[in-house]
Amino acid sequence: MLIELSVRRLYCENAACGKVTFVEQVPGLTVRYQRRTPLLQHMVEAVGVLLAGRGGTRMLRVLGVAFSRCTVLSQLMRIPLPPLHTPRVLGVDDFALYRGTYGTLLVDATTRLPLRLWEGRDAEQLSHWFLTSWCVIADDLCWVWSWPVFRR
């Protein structure tokens with residue numbers, strides 16, 4: 001869809017002003033320095049979050065909007081990250097990368113976002129992490145994780 005819009009270009013007569021021209025904005029339809037409407041921008045961001053590069057491009061093409069995967073990814077990178085907070089419920093799990101090599105994953109159970117990933121599955125790292133925050137633990141009942149929890 002192409003929207004042709006005529007707006008007024010205003011000139012500043014003050015010589016000390018850094019801006020020479022101004023263009024009037026239409027609320028809800030135009031934003032300064034943007035080539036897209038806010039609605040289209042939100043749609044590109046939402047599709048970018050869900051599908052990222054090539055998948056997002058295919059979905060936008062189905063919706064009638066043609067963007068490259070680089071454009072979808074650049075819009076995805078412009079979205080600010082959510083603020084970090086101390087988790088109240090923590091999920092702890094260990095996993096094997098391959099025989100003899102383990103890793104530990106800490107997940108915020110309320111937001112389901114990964115918080116920390118480290119090599120090994122010793123309880124000292126987990127105990128040190130718990131000294132900085134108080135939270136409820138949800139784990140797979142592995143004996144390795146019970147030591148730092150009950151030690152406090």
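The values are calculated or read from the model by the stated rules, or taken from the named source; none is laboratory data. Remember, it's a predicted structure, so these values are computed and weren't measured experimentally. Using ideal geometry, Cβ is built from the backbone for each residue, glycine included, and neighbour counts are taken over all protein chains shown. Ligands, DNA and RNA are excluded from the accessible area calculation, which covers all protein heavy atoms including side chains. Shrake-Rupley method; radii C 1.70, N 1.55, O 1.52, S 1.80 Å.
Each residue in the range 125-150 was checked for being more than 16 Å from Val89 (Cβ to Cβ), modelled with pLDDT under 55 and surrounded by 13 or more Cβ atoms within 10 Å (Cβ to Cβ), and 4 pass. Exactly one condition in (1) surrounded by fewer than 14 Cβ atoms within 10 Å (Cβ to Cβ); (2) of a type in the set (A, V, I, L, M); (3) more than 30 Å from Ala123 (Cα to Cα); (4) in contact (Cβ under 8 Å) with a residue 12 or more places away in the chain is not met by Val89; state its number. Of everything listed in (1) surrounded by fewer than 14 Cβ atoms within 10 Å (Cβ to Cβ); (2) of a type in the set (A, V, I, L, M); (3) more than 30 Å from Ala123 (Cα to Cα); (4) in contact (Cβ under 8 Å) with a residue 12 or more places away in the chain, Val89 misses just condition (3). Among the conditions (1) open to solvent by less than 40 Å² (accessible area, probe 1.4 Å); (2) over 30 Å from Glu119 (Cα atoms), the only one that Ser74 does not satisfy is (1).
Test of understanding: among Pro27, Pro82, which residue is under 27 Å from Thr111 (Cβ atoms), loosely packed, with under 12 Cβ neighbours inside 10 Å and out of contact with any helix residue (DSSP H, G or I) (no Cβ under 9 Å at 6 or more places or on another chain)?
After ruling out the rest, the residue left standing is Pro82.
Suppose the filter is among the aliphatic types (A, V, I, L, M), over 30 Å from Arg35 (Cβ atoms), touching an Asp or Glu at 6+ places or on another chain (Cβ under 9 Å) and modelled with pLDDT under 80; does Leu106 pass it? Talk me through it step by step, then tell me what you get.
Details: among the aliphatic types (A, V, I, L, M): yes; over 30 Å from Arg35 (Cβ atoms): yes; touching an Asp or Glu at 6+ places or on another chain (Cβ under 9 Å): yes; modelled with pLDDT under 80: no.
Criteria not met by Leu106.
Quickly run through the range 102-124 and pick out the residues that are out of contact with any helix residue (DSSP H, G or I) (no Cβ under 9 Å at 6 or more places or on another chain), open to solvent by less than 30 Å² (accessible area, probe 1.4 Å) and not in a strand (DSSP E or B). Gly120 - this is the single residue of the range 102-124 that is out of contact with any helix residue (DSSP H, G or I) (no Cβ under 9 Å at 6 or more places or on another chain), open to solvent by less than 30 Å² (accessible area, probe 1.4 Å) and not in a strand (DSSP E or B). When Gln34 is tested against (1) exposed (fewer than 10 other Cβ atoms within 10 Å of the Cβ); (2) more than 28 Å from Arg112 (Cβ to Cβ), exactly one condition is not met: (1).
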